[in-house]
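Bear in mind that the values in this text are calculations on the coordinates, not laboratory data. No experiment lies behind these values; they were computed from the predicted model shown. FYI the Cβ positions are ideal-geometry reconstructions off the backbone, even for glycines, and counts take in every protein chain you see.
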Amino acid sequence: MSESAASTAKKRPEFRNIDGASLISYRWPLASLASGMHRVSGAIMFFLMPFIIWMFDNSISSEISFLKFKAAFNVGMLGLPGFVWKLVVLGLIWASLHHFIAGMRHLWMDTHHEHVSKDFGRQTAAVVLVLTLTLTLVLAAKLFGLY
Amino acid sequence: MSVNYGSHRTVVGAHYGMRDWLAQRVTAVLMALFTVLVLAQLIFTKGPIGYELWAGIFSPQWMKSLTFLVLLSMLFHVWVGMRNIFQDYVKPYAVRFVMHVFAIAWLVACTGGAIEALWRL
């Protein structure tokens with residue numbers, strides 16, 4: 001091996017697992033965006049789990065708790081106005097839609113290796129992102145009473 | 001540092017293998033089917049969704065059992081997912097350990113709360 005080849009080989013960057021700082025400096029092609037958002041959406045639902053359970057509990061327990069559940073979004077709760085809670089729910093709607101649809105894509109890729117390619121990854125990621133954002137907008141309009 | 005992937009991977013008893021990977025996918029399918037089942041009952045309803053309809057979805061015994069199963073699926077699914085996230089981004093073992101403990105406590109507490117709410121109905 002020549003001297004220059006050896007030094008070039010040494011300079012080649014070595015990529016191990018990513019850390020927090022590289023998250024910002026990375027390029028985000030569509031496939032990695034869909035995948036990254038899958039993680040983000042999962043983490044959001046993890047941290048908001050107590051709120052989700054609060055909603056589940058109050059919405060099913062009784063007529064009175066159901067009214068309390070509704071009032072949180074119409075009147076407000078814990079000193080925060082209703083629209084703030086609606087925004088939290090909108091975040092959860094986006095997270096669950098993205099996690100669901102991107103999850104379908106991952107399941108498909110796990111079971112259909114013959115379809116997996118760079119193009120397939122990019123195209124299906126685009127479908128996931130477009131579908132998720134469209135459905136989120138439709139449900140946001142419903143949530144804020146536009147129809 | 002030596003190579004720790006592919007055929008050179010150091011095999012340790014930390015569940016890096018097939019079991020959790022598969023369990024995460026099986027639980028995902030279960031939760032997805034459950035979601036469709038619940039959403040279908042809401043979408044094909046005319047008019048506003050009131051308490052009777054919403055609580056009625058969860059009140060039959062078989063639905064409670066199914067929801068219980070889905071809650072347990074969620075517990076395991078989220079545990080695998082959060083553990084993956086912590087393993088990827090949290091490098092110091094002590095911090096990672098504390099976060100793993102936190103995730104387990106958080107998930108067990110949340111699942112318990114959800115089951116309690118379900119059985120109160």
Note to self: Quick check on the protein assembly as shown: helices-only [θ] at 222 nm, where DSSP H runs of length 4 and up contribute -39,500 (n - 2.57) each and the sum goes over total residues. Nearest 500, please.
What the structure shows: -26000 deg cm²/dmol
Notebook entry, point to check: What is the average number of partner chain Cβ atoms found within 10 Å of a Cβ in A:32-42?
Noted result: 1
Checklist line | Relative pair counts by distance (%), Cα atoms of chain B, 10 Å bins | finding: 11, 31, 29, 17, 9, 3, 0
Check: Rounded to the nearest 20 Debye, what is the dipole magnitude of the stretch A:15-143 about its Cα centre when Lys and Arg each give +1 and Asp and Glu each give -1 at the C-beta?
Finding: 260 debye
Item checked: GNM top mover of A:G79, A:G103, A:G36 - chain A, alpha-carbon springs below 10 Å -> A:G79
Next item on the list: Any chance you could list the semi-axes, whole Å, largest first, of the equivalent ellipsoid that the Cα gyration tensor gives for the protein assembly as shown, using √(5λ)?
Entry: 40, 22, 19
Checklist line | Sparse-neighbour loop sites [trypsin sites (Lys or Arg not before Pro); the stretch B:33-121; at most 16 other C-beta within 10 Å; DSSP] | finding: B:K46
Checklist line | Sites excluded, chymotrypsin sites (Phe, Trp or Tyr not before Pro) in DSSP loops with at most 14 other C-beta within 10 Å, longest stretch of chain B | finding: B:45-121
Next item on the list: Please identify, among B:I104, B:I85, B:I49, the residue showing maximal mean-square fluctuation in a Gaussian network model of chain B using a 10 angstrom Cα cutoff.
Entry: B:I49
Check: What longest region of chain A stays clear of trypsin sites (Lys or Arg not before Pro) that DSSP places outside H, G, I, E and B and that have at most 12 other Cβ atoms within 10 Å?
Finding: A:28-147
Next item on the list: Could you work out how far apart the two model spin labels at A:R12 and B:Q87 are, taking each label as a point 7 Å from the Cα in the direction of the beta carbon, and quote it in nm?
Entry: 2.6 nm
Check: How high is the relative contact order of chain A, in percent, with contacts defined as C-alpha pairs under 8 Å that are six or more residues apart?
Finding: 28 percent
Margin query: Please compute the contact order of chain B in relative form: average sequence separation of alpha-carbon pairs under 8 Å and at least six residues apart, divided by the residue count, as a percent.
Written below: 30 percent
Checklist line | Residues listed by number, the stretch B:93-121, amide nitrogen under 18 Å from B:L72 label point at 7 Å toward C-beta | finding: B:107-120
Margin query: Using the Kirkwood formula on the Cα atoms of chain A, what hydrodynamic radius do you get, in angstrom to one decimal?
Written below: 18.6 Å
Check: What nm value, rounded to one decimal, do you get for the distance between B:W119 and A:L23 when each label is placed 7 Å out toward the C-beta?
Finding: 3.7 nm
Next item on the list: For chain A, with a Gaussian network of springs between Cα atoms less than 10 Å apart, report the residue from A:H112, A:H38, A:H98 with the top mean-square fluctuation.
Entry: A:H112
Next item on the list: Give a quick list of chymotrypsin sites (Phe, Trp or Tyr not before Pro) in the stretch A:18-104 that DSSP marks as loop, anything other than H, G, I, E or B, with at most 15 other Cβ atoms within 10 Å.
Entry: A:Y26
